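**Q** There's a structure below that I have some questions on.
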Amino acid sequence: MNSKERVYAALKREPVDRIPIFMWFHPETATLLSEYLDIPEKYIDDVMFNDIRQVWVGNNYAMEGISLEEGETYSDYWGIDWVKEGAFNQIIKFPLIDADEDKIRNYEFPYGKINELTDNLFDLKSRSPQYFTGCDISPSLFEMYNRLRGMENSLMDIALYPEMFAAIMEKCADYNLALAKNAINRFSLDWLWTGDDVGGQSAMMMSPKSWRESIRPHLERIFRFGKTRNLWVAYHSCGSIRDIIPDLIEIGLDVLNPIQGNCPGMESIELKKEFGDSLAFMGGIDTQDLLPNGSVRDVDKEVREIIEIMADGGGYILAASHTVPPETPIDNIFAMYGAAGVSREMIFDRSSDLRKSLG
């Protein structure tokens, strides 16, 4: 099987030659791996057997797709200012943080930049025949508003100004849909990746009732569009979102990520038992304790157990519950891959072949 065939088979609950993989590495982890394997960093996905190739076209692209030097700043198309601090860019100016209701309601999204943003998908065109390819339009709704208004204001607006909040969610969704339509009309894709971090470490950031009233209807519009274009629909939210998983299934979700099992209600095995017949999962490998602190034996044992249960009957893509952190021992990364049927030797062989091809 090539990567595209493998992911499609897993999502359709058909037999696979091995579990498909979509691993996200912290930038410092990617650097460590490139040095260890003696390959250019841009080839990490190839050497580490990632079956999915995906490109951000929304505001996340500005966050992680703009290469800045430490302390350097950048202003994106949404009017958000960023600064490079450590491995990632951080927001230093929220354009609507002090705005009144009129300014918030009249905020204009950068529709004139949509073609330019989706141009980033050209990098996938040569990969499409072999790999499962995706377009990431996140942050979709609530998290996009956070970047405009700031987290504290966003949460207050839900409670104090629900009509205004619902109106801006509609505008966020309209722009998200415009991005999705442009991308899908221009490129051959396999899934539409959406997402918002609406879960905290112990509970949702808002009540499920508020989510259902102000966010669900607009997320449903986005999901429905992806489904009408025969794409799988994936959704990312960190944290504890157990209360809304039935809602996500009802509005058409196919794949849920990242499954942070240390959050209440998000234990991988329990989610598989309850929702596995109607929902596929990507993630579930703990990055807070297991990968950085566990022994090789711990990692091998737990990853094998998760795969045995999550992949039973199909519908599972191996991934960590967040980016693999740089404090993770290299041997633990290899142990995780080994449990999925990709040995250290296989990774070394790919690295060697790559070096030869590059001369």
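**Q** Taking the alpha-carbon centroid of each part, what is the distance from the stretch 301-359 to the stretch 21-57 in angstrom?
**A** When both Cα centres are located, 11 Å separates them.
**Q** Would you mind calculating the relative contact order of the stretch 107-235 from Cα pairs under 8 angstrom and at least 6 residues apart, reporting the percent as a whole number? Can you show the working numbers first?
**A** Working: 139 pairs, mean separation 44.1, N = 129.
Rounded, it is 34 percent for the stretch 107-235.
**Q** Per-residue HN-Hα couplings for the stretch 88-105, Karplus 6.51 cos²θ - 1.76 cosθ + 1.60 at θ = phi - 60°, whole Hz, x for Gly and Pro?
**A** Taking θ as phi minus 60°, the curve returns 10, 8, 10, 6, 10, 9, 9, x, 10, 4, 10, 6, 7, 4, 4, 5, 5, 5 Hz for the stretch 88-105.
**Q** Turning to a different aspect of this structure: Using Cα-Cα distances under 8 Å and only pairs 6 or more residues apart, what relative contact order does the stretch 3-358 have, in percent? Each step should come with its number before you reach the end.
**A** Working: 624 pairs, mean separation 70.3, N = 356.
Result for the stretch 3-358 is 20 percent.
**Q** Could you work out how far helix 162-186 tilts from the main Cα principal axis of the chain, as a 0 to 90 degree angle to the nearest 10?
**A** The angle comes out near 50 degrees.
**Q** Also, I was wondering about something else. What ranking of Phe132, Phe49, Phe281 emerges when the number of other C-beta atoms within 10 Å of each C-beta is taken as an exposure proxy, fewest first?
**A** Numbers: Phe132 27, Phe49 20, Phe281 23.
Result, fewest neighbours first: Phe49, Phe281, Phe132.
**Q** Do the sum for the chain: with -39,500 (n - 2.57) for every DSSP H run of n ≥ 4, divided by all residues, what is the mean residue ellipticity at 222 nm, to the nearest 500 deg cm²/dmol? Don't jump to the answer; show the numbers that get you there.
**A** Numbers: 17 runs with 161 residues, N = 359.
Calculated from helices alone, the mean residue ellipticity at 222 nm is -13000 deg cm²/dmol.
**Q** Here's another thing I want to ask about it. Treating cross-link reach as a plain straight distance, find the lysines whose alpha-carbon is under 21 Å from the alpha-carbon of Lys272, omitting any fewer than eight places away in the same chain.
**A** Lys12, Lys301
**Q** May I ask for the distance between the Cα centers of the stretch 76-144 and the stretch 211-277, given as a whole number of Å?
**A** A separation of 22 Å, based on Cα centres.
**Q** Next question, about the same structure. Quick one: helix 216-228 against the long Cα principal axis of the chain, what's the angle to the nearest 10°, folded into 0 to 90?
**A** Tilt relative to the chain: about 50 degrees.
**Q** Hey, another quick one. Under 29 Å from the Cα of Lys356, which lysines turn up, not counting those fewer than eight places away in the same chain?
**A** By straight Cα distance, Lys356 reaches Lys4, Lys42, Lys125.
Read the figures in this text as sums done on the coordinates, not as results from a lab. The structure presented is a predicted model; accordingly, all values stated were derived computationally and were not measured. A quick note on method: Cβ atoms are made from the backbone with ideal geometry, for glycine too, and the neighbour counts reach across all protein chains shown.
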